[in-house]
Structure formats: structure tokens, C-alpha cells
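Everything on this sheet refers to the single structure shown next.
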Amino acid sequence: MKKFARLFVALMMVCIMAIGVAAAEITVGIVNNPPSESGYREANVKDFEAVFSAENGYAAKTFYSLKNDEQLSAAQQFITDGVDYLLISAAETTGWDAVLASAQENGIPVFLFDRMIDCDEELYAAAVVSDMANQGKLAVEWLIAQALPEYKIIHIQGAMGSDAQIGRTGALDKQVAENENWSIVVQQTATWDEAEAKKIVEAVINSKEDFNIIYAENDGMARGAVAALDEAGITHGVGGKVIVMGFDCNRWALREVLAGTWNYDGQCSPFQAAVISDMIKTLEDGGAIETKLVISEEKGFDAATITQADIDQYGLGE
Amino acid sequence: MKAHASKFKWSKYTQLLVPLMSILLIVIFNLLRDPSFFSIGTSTNNLGNPVLTGNLVSILNGASELAIIAMGMTLVTAACGGQDISVGALATIAGSVFVRILRSGQITIGSILVGFLCCCVAAMLFGAFNGTLVSVFRIQPMIATLVLFTCGRSIAYWINGGATPTISSPLITAIGSFIPGCPVPTPIIIVAVMALILGLVFRFTTLGLYTQTVGINQRAARLNGINPMFIKLVSFLVLGLCCAVAGCISVSRLSLINHETMLLEIEMDAILAVAIGGNALGGGKFKVTGSVLGAYAIQALTTTLYAMKVPSTDVKAYKAIVIILIVVISSPVVKKATNRLWTKIRARIPAKKEVVAQ
């Protein structure tokens, strides 16, 4: 009887494996930030859900968290579960070495998307990312092109240590350090929180310090800053006293740019899933990945040149 | 302590000494640093209304949500001897309901009222959920509310679907910033109204007394005909209502809701406000005024740090140092020591007077 039971179990297992092989599904573990984080993330998560779907031959396991440690343990769990590929958009750039090494030991190729991780290049198969530093550079170049006699900047930062914050801060810090007529009135983090951004700008207005540029590292914080300007009766946007700059290209933010109440919005493309899927297909077919680092093409929108068509095409969310 | 209470009338208010002291500390520090820190001015906002400006206005305005949530948190703390850590999530759910209703049609005063009522009902339902876990199932408040703390923001997200839905209307701006013609920010007025309502409730009902009784000794309360379960549930319902109001204010400020960052970590600040307010975190005696003052102290601290341009990476560390100071000063050990010192000084003063009289 025992023998029979064993035989039966063994048979079942073979059957299950056979079914698994027959379906030839590729299992991917996706570690991302939650869609509720921002309009950007919502579009990003939707993009991955659409591409890594059952119709496209994938079985996707997903985990969403804003916290690095939760993401780390989820990634470790995916490795233990034996996924074929691991896709990661990290909450923070550091602390990933051990998990990535463990993936490598288990022969699981890792793809980084959206955000880079601070680690040895050997630890991942490829990275499809937004070049945050380039977004900062584009924004600063645009600001230089405005040829103001003096730049007095309120710089509102995102969550300290995030890739977006580091990239978007870097270019501005460099420009301010190298130019005499560029100065930072205040540099403060609002951790992506709109209401906090408003309080920071209020504090500057109350101290009666002069400023003519708001450089906010995402749209929400720019909106908070603008609310403070509105309450204090300070004009902003095209022809206003203060230049307003945001990032991410939410639809509502681009509409502000089109209306001329904001001056600039930097794009951050959330569409990386298709590129990664192509790479996985190449690996499955026995090929090799040629370029290890793929950078999404991005641009910035100026109030003077933006059109409704831009909003329809590049705007995120609603 | 009881002997003291019968001696001085003002000793009823000694509890407020700690929050008042901490506010005073921040005020003096700021006046030394920049004498014009608290000056209030008037200006015209971009809508053409005359408005009050200045750090004092910013502090009172910015602390509105915290002050309102701290009111409810005080009641829960007093009745249950524990804290609700889901208030941020709960306020976000309430805000999300508010936004959902306003987005379903034209924004009018009527639809705002309907939205507000719905979000109150939603928040009180979730409050009742927390309250039931705590009162009926006797789960530690922090553990019971951990459920909503974990999933609340996801629920808020489901209600609206989008990541950062916006609602644009002059009426919403009036709630979140200024009513045309009124120079005082509306959130400050809302806090005053809430305080008034709560004050009247305490004045004309036995809710305050019963809450305190349940917090000090449940069994004694039951023997005296008070239903502890009911009182605990009521405290969570009141907190739910407070969260609903705070949620509506927060959403109206920028006519936008961000489910992940809205009122983030406000639960910690609210608990801190209750602690600074001199309330026993283990339940029992409480003073809502203390918590509200505590809320303003916390916001004053943050605003000060912003005004001082403390580097963004260091803000939390500075905040922590000040908080340690305040909490140590208000600790029972230090309180006892100061009490002893005070009685010694008091014992000497009449002695001196007698000498003078002779």
C-alpha cells in the first residue's frame, strides 16, 4: 500500500512537471514600488502587468513596497521559490549585494528597471533605467538657457538617498557650485510629500528672503510649492516672478505647464517592460544580451513650446 | 498629589505646564535667533484676497491636521491605555472617499457636504472596526490598529484607482486655504470649531469623566454602572471623526490626494503630541488642550528647523534631540523631583515672610 502511494505521488509529480514544461511558462519575480506611490509608478506597474502577462507566456509574481528591507526579503523569497528571472526596481540604491549574489549563485538572471542599484555590474544581467542624472542635467540646461541675471533657487528634494533624488540634485548642485550668480536659498527634503513642500516654501517666504526659482524634484512637491506662492501673493510661471519646475510629467502637471502657471516639467519614462521582455526572449533562445545598460529616452517640456498633443502622448495618470 | 489638588485651584492645569514650557522654549529660542520670527503681516494672495502671513500663521495652519487627530488620539489613549497607529491611513481613506465623491460630479457646496458626510461615515466605520477589536476582543490597541495601518493606504488607493487624483474648484481651495474675505486660513478655523464642539461635549456630557474612569480602573467603572466596552468604542468613533476632518483638510490644501504620502507618519506625531501634552500614555487622566498644544509645539519645531535651514539629511536628528529633551522633562521621575523642589521652595517663602513681619 505504501509503495503504491509513493508511486502515485511520484507519478503525480511527473505529471505536474510535464504540464509545466508543456505550458513553457517563464516565471518572473517582479519587485517594485507600490502603484499608489505616484502617477509615474502607476503607469510603470501597469506597463509591467501588461507585458508580463499570461498571454505573453509569463507567470509573474509581484511584490510592491516602498521599504527597502521588505523588498529585499521579497526578492530573497522569489529566489527561494525558484523564479526564472528577477526584475527589481529598488526603493534605495544600496544594500542589495547579498541578495543579488544569492540570485547569481542560483543561476537567476537579474534585471534592474527604472532605478539603478549601487553594486558590481557582474551581479545583474542588464539594467533598463531612466537616467535620473540626465533628467537633472536637462532641467539645469533648460534653466541656463533662460539666461537670468541671477538664480536664487528653492530646491525641494525627494526622499533622501533615492535614485531620483540623487540624480536630480546632482546636476543642480554642480551648476550652483561652479557659478557665482547661482545660489541655493534653501535645500530641503519633503520626502515626496506635497504638504511638506508647501511648508518649506512658506518658511522661506516668511523669512522674507528673495528667490526666483522653485526646483522641485517631482510634480506633487512643485504643486505644494505653488500653493504657498499663491497664498503669499507671489506670481509664478510664464511672465511671473518665480520660475516653477517639476518632474515626472503627470497629466495635471503638464496642463499647468500648458497654462503657463508652471515653466518646466521633466519627463521620466515609466515604460521599460517591453525592452526587458525582449531581452528575456533573447536569453531563452540562447542568445546573449549585447548592451548591459539601456537608458530610456527622455525630454523636458517647456511652457513656451508644449502642446496638447504632448500631454496626450507623454502625460501620466489623468 | 491629591493633597496638592485640594490646595491650589490652578493645579488642575499643572498638566499643561509641559506643553506650554516646550512651546515657550521654542518661542524664546526663535526670538533670540530672529526677533521678527513671529511677526504677522498681511498680504494679498493670488486670488486677490487679503490674508495673514508669517511664521505664526504657518505654524497654526500647518499643525491643523495634527491638532485635530491629537484630540481624538487623547480620548483613545485615555480610555484604552494604548494608541491608535492607523490614524494616518484612516485619514487617507477618509480623504480618498471625499475625493471620490467630489470627482463623481460637479463640485458644489451640496456635493462637498455629501462628500464630507460620506467620509465621516466611512472613517467612523473603520474606527468602529478598530474599536471593536480593542473593546470586544480586548486586543492591545497598537496591535489591533496595526491591521489598518498596514492595509489602509491600499484601501484608499482602491477607492480612487488613480495615483494622484486631483479635484479643482474654488470651493475646495476655500476649505484648504482661505475663504474669500477672511484673512485667517480656513484650517485654523476648523480646528477652533472642532475644539469648541469637543469642549461643549465634555462640558455638557459625562463622556470625559467616564473615559477617565474606564482608563483608570475598568472593573471599578463597570461596578459603577459604566460600560467600558461602549466607552472605548465611542473613543474610537470620535477618533474616526477627527481623522475624517483631518483627511478633508489635507486633501483640500492642494486639491490633490497622494495615497502614499498624505499625512505620512502623522500617527507618530499624534502620539508624541499626546505625550508632550502631559497625558498618561497608560490611560486615565487626560487633557485634550494639552495634546493640541503639543501638536503646535511639534509644528513650531519643524517650522523652526526649516527657517534655520538645517540640512535636509539632519532634520530628523535635530527633531529627535528636542523630543528627547521634552519627553525627559515630562517624565514622572523629573516631575517628582521638580515637585519636591517646589515644595521646598514653598516651605521657605512663608518662613521668610514671617521674618519680615517681625
- B:Leu125-A:Lys241 FRET efficiency (beta carbon distance; Förster radius 35 Å; 0.05 resolution): 0.15
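Using a Förster radius of 41 Å, what is the FRET efficiency between B:Thr313 and B:Val193 based on their Cβ-Cβ separation? Nearest 0.05, please.
Values: r = 39 Å, r/R0 = 0.94.
Rounded to the nearest 0.05, the efficiency is 0.60.
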- Cα long-axis angle, helix A:68-81 against chain A (0 to 90 degrees, to the nearest 10): 20
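Pull out a ≥ b ≥ c, the square roots of the eigenvalues of the alpha-carbon gyration tensor of the range A:165-272, then state rounded if a/c is under 1.5, prolate if not and a/b is larger than b/c, and oblate in the remaining case.
Rounded shape, in that the Cα axes give a/c under 1.5.
Going through the cross-link list A:Lys199/B:Lys336; B:Lys285/B:Lys344; B:Lys319/B:Lys344; B:Lys287/B:Lys319; A:Lys67/A:Lys199; A:Lys61/A:Lys199, which pairs have a Cα-Cα distance over 29 Å in this structure? Mind showing how you got there, number by number?
Numbers: A:Lys199/B:Lys336 38 Å; B:Lys285/B:Lys344 26 Å; B:Lys319/B:Lys344 34 Å; B:Lys287/B:Lys319 24 Å; A:Lys67/A:Lys199 25 Å; A:Lys61/A:Lys199 40 Å.
Too far apart for the 29 Å limit: A:Lys199/B:Lys336; B:Lys319/B:Lys344; A:Lys61/A:Lys199.
In chain B, which longest range has no chymotrypsin sites (Phe, Trp or Tyr not before Pro) that are both DSSP loop (not H, G, I, E or B) and surrounded by at most 14 other Cβ atoms within 10 Å? The partial results should precede the final answer.
Working: sites that count: B:Phe8, B:Phe137.
Value returned for the longest uninterrupted segment is B:138-358.
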- Between B:Val327 and A:Glu25, what is the label-to-label distance in nm when each label sits 7 Å out along the Cα-to-Cβ direction? 4.8
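Between B:Val334 and B:Leu32, take the C-beta separation as r, use R0 = 30 Å, and let me know the FRET efficiency to the nearest 0.05.
0.80
Using 0.36 nm per residue of separation minus the Cα-Cα distance, give me the extension gain between B:Thr206 and B:Ile109 in nm, one decimal. It would help to have the intermediate numbers written out before the result.
Details: separation 97, 0.36 × 97 = 34.92 nm, distance 3.45 nm.
Taking B:Thr206 through B:Ile109 to full extension adds about 31.5 nm, to one decimal.
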- Query: Using a ≥ b ≥ c from the Cα gyration tensor of the range A:68-163 (square roots of the eigenvalues), is it rounded, prolate or oblate, where a/c under 1.5 gives rounded and otherwise the larger of a/b and b/c decides, a/b for prolate?
  - Reply: prolate
- Message: Rounding to the nearest 10 and keeping the result within 0 to 90°, find how far the Cα-based axis of helix A:132-145 lies from the longest principal axis of chain A.
- Response: 20
- If the viscosity is 0.890 mPa s and the temperature 25 °C, what Stokes-Einstein diffusion coefficient in µm²/s follows for chain A when Rh is the Kirkwood radius over Cα pairs? 115
- Tell me, rounded to the nearest percent, the portion of alpha carbon pairs in the range B:2-309 spaced more than 33 Å apart. 26
- Task: Pop a pseudo-label 7 angstrom from the Cα along the beta-carbon direction at both A:Ala309 and B:Ser169 and give the gap in nm to one decimal.
- Result: 3.6
- Message: Give me the inter-chain shielding for B:259-272: mean count of other chain Cβ atoms within 10 Å, whole number please.
- Response: 3
- Message: To the nearest 20 Debye, how big is the dipole of the range B:2-309 about its Cα centre, given +1 on the beta carbon of each Lys and Arg and -1 on that of each Asp and Glu?
- Response: 920
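Is the range B:191-294 rounded, prolate or oblate when judged by the Cα gyration tensor, a ≥ b ≥ c being the square roots of its eigenvalues, rounded requiring a/c under 1.5 and prolate requiring a/b larger than b/c?
Numbers: a/c = 2.08, a/b = 1.92, b/c = 1.08.
In terms of gyration-tensor shape, prolate.
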- Note on the structure: Tilt, helix B:288-307 to longest principal axis of chain B (alpha-carbon atoms), in degrees rounded to tens, equals 70
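Based on DSSP H runs of at least 4 residues, each adding -39500 (n - 2.57), what is the mean residue ellipticity at 222 nm of chain B after dividing by all its residues, to the nearest 500 deg cm²/dmol?
Working: 16 runs with 253 residues, N = 358.
The per-residue figure over chain B is -23500 deg cm²/dmol.
Write down the Kirkwood hydrodynamic radius of the protein assembly as shown, to one decimal in angstroms, obtained as one divided by the mean of 1/r over all alpha carbon pairs.
Numbers: mean 1/r = 0.0363 Å⁻¹.
27.5 Å is the Kirkwood radius here.
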- Note on the structure: Expressed in nanometres to one decimal, the distance between label points 7 Å along Cα→Cβ at B:Asn217 and A:Gln146 is 6.8
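Quick note: the coordinates plus some simple rules give every number you see, no bench work behind them. Remember, predicted model here, so these are calculated numbers, not experimental data. In this analysis, Cβ positions are derived from the backbone assuming ideal geometry, glycine residues included, and neighbour counts consider all displayed protein chains.
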